[in-house]
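K.L.:
So that we are looking at the same thing, I have put the structure below in structure tokens.
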Amino acid sequence: MKIYFFILLLFCTTKANGQTTELFLNRFYALISKQPTISNSQCYKKYSELFNKNNIDMRIIFGYKDARPARFVADRYERLTLINSLLAHCNSNRFDCDFVRSAEDGDLFIKYIKGLDNKIHKIELRLVNSSVSPDDEANIKDPFQIWKSNNAAELFYEGLKHADIIFYNGHSRDGGGPDFLPPRLTNKHHIDYHWYRTKKLGIKNMKQALNMAEKPPAIIGLFSCHSDQLVPKSQISSRSEWITSKKLLYFADALQNIKDNLSEILSMQCPNKF
Amino acid sequence: MEFSTQQVHSPFHFKTKYSKFYWFYSVLKRFFQKAFFVSLLLLISPYLEAKQNWKFLAKRFTGESDLIRQSSINQIKKIPNLENLLKKELSGPDKFIVLDVIATLKLTGLLPELIKYSEYDETGFFYHALNALMTTTSLKHKLSQLYYSRLLNVNTPAAAKVVILDTLGRLNVSLSSADLKYLLLDESLPEVRSAALYYLRTQFTNKTGQERDLILLKEVLDTEPYQIRLQALYFFSELNTTYQSVWLPFLKSCLTDKNPEVKQFCFDLYQRSNK
């Protein structure tokens, strides 16, 4: 009798907050799931700190993924591939799934998990991309592109100040850093790598954001080519765990890496870096 | 000296008599045996090597300098039986690399396979490869018809619908108002509705848009999520003043929008248009 009353109470609370039945079920399954156990003490401490709040702020931001000299831009499609995974039902051993999408905010995905403290924690995952369409030539003439780029950049750099976990999937611009805008081109319509290498705007913005952070993200993932070179030297010994690549990263591998890392984190597995 | 009967009856009894020739014969025999195996190895090794190597080369199509990219393309082109090799990998875990190779090298021989696998493609990337092969007018026409038929099929994955809408917009294929209304208002995934909105924008950019379709946007301003409403407002801001009398009345609903960004942009647009 007590359990039915409890379920009813949970349902009413969920509905009173304006949330859907899907979210109620999501929360319910988290409630009845097993409490995770971790034997490694360092790993236990990391995850305890990471999941010690009621709401966990996670962000995955796709940079502007042009394929110059072609006009094709792919980040919109890659984001959709990731959305398919997030909204799918979880099979065994995967945790990057069973998310519920917000009706009001198309970039917000929610999931409840049980923490090491045996309490329910709400994962608020924001998933954003930078391009309006797959045509770079059309995008540079579209005023909505400016909004999209600014929105993605703001979410990323603000996330470096406030979020708990943040992933970037995009170009490294040959060491220039993360980029959310259409590419700067030479007269021959090739990427102006010299400009990016010289200005390093992406890296400068990252440094600035991290320096202003009261508590930087526990995990920062840069899923882009040679991204180990993008980590500001001052941050190497910081409290943040960095996930980077030492070589060129193919787009399908970057996507899969994001999914695998997300699943690992949500299931509180202990990778070597912990 | 005693000779065994085996030796006496050996078919090579001549070796004792013609030892020099026999030595020469054995050397030649060993040489040809080795040469045979080496030749066999040389014949199959490009194929074995290619199986591993083509993926390495294909991953260098993007993210590398033009020189490396072109060199990778040239090397891949030399791989024997490339199309057969790719055909086998098309349904496997390396399908994205395969699609990249097909698109880059314009391998139209694999068109039937692409059409077959794209039907259930949940990523939309098979359609990108198909689009790269659209090099003739007849093929554009044939694929456009196929895309349109799949667009309204409920079993077509959402990601595929997004690519299809982008492609039909680029090819200036007209959708009926009824179909457009469904895609703008009734599709469950916001990304498909956003792609439909972008399709409409492309029509007007190409000056083939129909004024009657703009009326659908009044309802779009009442849909969720807020990003779609914002996209619609940006679209209004780009339209020719000729259409202002059509969309300006729609702004009354968004002046009290619950999302602050939408509300602010709506207000700014309204002010600007009323000057």
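K.L.:
Test of understanding: among A:S224, A:S263, A:S240, which residue is polar (S, T, N, Q) and at pLDDT below 90? Reasoning before the result, please.
P.N.:
Values: A:S224 fails: at pLDDT below 90; A:S263 fails: at pLDDT below 90.
Checking each option against the conditions leaves just A:S240.
K.L.:
Any idea which of B:Y117, B:Y148 is more than 18 Å from A:F72 (Cβ to Cβ), surrounded by fewer than 20 Cβ atoms within 10 Å (Cβ to Cβ) and under 12 Å from the mean Cα position of the chain (by Cα)? Working first, answer last.
P.N.:
Numbers: B:Y148 fails: under 12 Å from the mean Cα position of the chain (by Cα).
After applying the criteria, what remains is B:Y117.
K.L.:
Restricting attention to the range A:50-108, report how many residues are part of a loop (DSSP other than H, G, I, E, B), out of contact with any Lys or Arg (no Cβ under 7 Å at 6 or more places or on another chain) and among the hydrophobic types (A, V, I, L, M, F, W, C).
P.N.:
Applying the first criterion (part of a loop (DSSP other than H, G, I, E, B)) to the range A:50-108 yields A:51-54, A:63-65, A:67-71, A:74, A:88-99, A:102-107.
Going one step further and asking which of them are out of contact with any Lys or Arg (no Cβ under 7 Å at 6 or more places or on another chain), we end up with A:51-53, A:63-65, A:67-71, A:88-95, A:97, A:102-106.
Remaining after also requiring among the hydrophobic types (A, V, I, L, M, F, W, C): A:51, A:67, A:70, A:88, A:90, A:95, A:97, A:103.
Summing the residues that are part of a loop (DSSP other than H, G, I, E, B), out of contact with any Lys or Arg (no Cβ under 7 Å at 6 or more places or on another chain) and among the hydrophobic types (A, V, I, L, M, F, W, C) in the range A:50-108 gives 8.
K.L.:
Output the residue which, of all residues in the range A:73-99 that are farther than 21 Å from A:E264 by Cβ and of a type outside the set (D, E, K, R), is surrounded by the fewest Cβ atoms within 10 Å (Cβ to Cβ).
P.N.:
So the first thing to find is which residues in the range A:73-99 are farther than 21 Å from A:E264 by Cβ, and the list is A:73-77, A:80.
Adding the requirement that they be of a type outside the set (D, E, K, R) leaves A:73-74, A:77, A:80.
Working: A:V73: 25, A:A74: 20, A:Y77: 25, A:L80: 24.
Result: A:A74.
K.L.:
Against the conditions (1) modelled with pLDDT of 90 or more; (2) within 14 Å of another protein chain (Cβ to nearest Cβ); (3) open to solvent by 40 Å² or more (accessible area, probe 1.4 Å), where does B:A132 fall short? Just the number, please.
P.N.:
For B:A132, the failing item is (3).
K.L.:
Tell me, which residue of the range A:105-121 that is surrounded by fewer than 18 Cβ atoms within 10 Å (Cβ to Cβ) and modelled with pLDDT of 95 or more is farthest from A:N169 (Cα to Cα)?
P.N.:
Of the residues in the range A:105-121, the ones surrounded by fewer than 18 Cβ atoms within 10 Å (Cβ to Cβ) are A:105, A:108, A:117-120.
Those left that are additionally modelled with pLDDT of 95 or more: A:105, A:108.
Working: A:D105: 21, A:L108: 17 Å.
Among those that are surrounded by fewer than 18 Cβ atoms within 10 Å (Cβ to Cβ) and modelled with pLDDT of 95 or more, it is A:D105.
K.L.:
Here is a list: B:F24, B:F96. Which entry is modelled with pLDDT of 75 or more, of a type in the set (F, W, Y) and open to solvent by 70 Å² or more (accessible area, probe 1.4 Å)?
P.N.:
Values: B:F96 fails: open to solvent by 70 Å² or more (accessible area, probe 1.4 Å).
Result: B:F24 is the single residue among B:F24, B:F96 that is modelled with pLDDT of 75 or more, of a type in the set (F, W, Y) and open to solvent by 70 Å² or more (accessible area, probe 1.4 Å).
K.L.:
Condition test on A:R126, is it open to solvent by 20 Å² or more (accessible area, probe 1.4 Å), in contact (Cβ under 8 Å) with a residue 40 or more places away in the chain and either β-branched (V, I, T) or over 23 Å from A:S263 (Cβ atoms) (or both)? Working first, answer last.
P.N.:
Working: open to solvent by 20 Å² or more (accessible area, probe 1.4 Å): yes; in contact (Cβ under 8 Å) with a residue 40 or more places away in the chain: yes; either β-branched (V, I, T) or over 23 Å from A:S263 (Cβ atoms) (or both): no.
The answer is no for A:R126.
K.L.:
Against the condition among the hydrophobic types (A, V, I, L, M, F, W, C), open to solvent by less than 60 Å² (accessible area, probe 1.4 Å) and either within 12 Å of chain B (Cβ to nearest Cβ) or touching a helix residue (DSSP H, G or I) at 6+ places or on another chain (Cβ under 8 Å) (or both), how does A:I146 come out, does it pass?
P.N.:
Here the answer is no, as A:I146 does not meet what is asked.
K.L.:
Continuing with this model, one more query. Among the residues that make up the range A:57-69, is at least one of them more than 10 Å from chain B (Cβ to nearest Cβ), free of Cβ contacts under 8 Å to residues at least 40 places away in the same chain, within 21 Å of the chain's Cα centre (by Cα) and open to solvent by less than 30 Å² (accessible area, probe 1.4 Å)?
P.N.:
no
Conditions (1) of a type in the set (D, E); (2) in contact (Cβ under 8 Å) with a residue 24 or more places away in the chain, marked per residue:
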| position | (1), (2) |
| --- | --- |
| A:D142 | yes, no |
| A:W147 | no, no |
| A:A152 | no, yes |
| A:D174 | yes, no |
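K.L.:
Another question, if that's okay. Among the residues of the range B:135-145 satisfying the criterion of being hydroxyl-bearing (S, T, Y) and open to solvent by less than 80 Å² (accessible area, probe 1.4 Å), which is nearest to the other protein chains (Cβ to nearest Cβ)? Working first, answer last.
P.N.:
Initial filter on the range B:135-145 (hydroxyl-bearing (S, T, Y)): B:135-138, B:144.
Cutting the leftovers down to open to solvent by less than 80 Å² (accessible area, probe 1.4 Å) gives us B:136, B:144.
Numbers: B:T136: 19, B:S144: 17 Å.
Result: B:S144.
The values are calculated or read from the model by the stated rules, or taken from the named source; none is laboratory data. Please read all numbers here as calculations on a predicted model, not as lab measurements. Positions of Cβ are backbone-derived with ideal geometry, glycine not excepted, and every protein chain shown enters the neighbour counts. The area values use the complete protein model at the heavy-atom level, side chains included, leaving out ligands, DNA and RNA. Shrake-Rupley method; radii C 1.70, N 1.55, O 1.52, S 1.80 Å.
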